[in-house]
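Following: one structure in C-alpha cells, then a few remarks.
Taken together, the values in this text are just the output of simple stated rules run on the coordinates, not laboratory data. Small disclaimer: the values here were computed from a predicted structure and weren't measured. Ideal geometry is used to build each Cβ from the backbone, glycine not excepted, and the neighbour counts take in all protein chains shown.
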C-alpha cells in the first residue's frame, strides 16, 4: 500500500505537533520542579 504525498505530509505535521507538545511538557515539568525547590528553600529559611 503506497503512501501518498498528502499522507506523508500529514504524518510529518503530526510528528512535529507531537514533538512540540513533548518539548512543552518537559519544559513545564522542569520549571515546576525548580519552582517547588525554590518554595521549599524559602520555607526552610523563613519557617525554621
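Here are some notes:
- D (Stokes-Einstein, µm²/s), Kirkwood Cα radius, the chain, 1.567 mPa s at 4 °C: 94 µm²/s
- Label sites at residue 4 and residue 25, each approximated as a point 7 angstrom past Cα along Cα to Cβ, lie 3.1 nm apart.
- The ranking of 42, 47 from fewest to most other beta carbons within 10 Å of each one's beta carbon is 47, 42.
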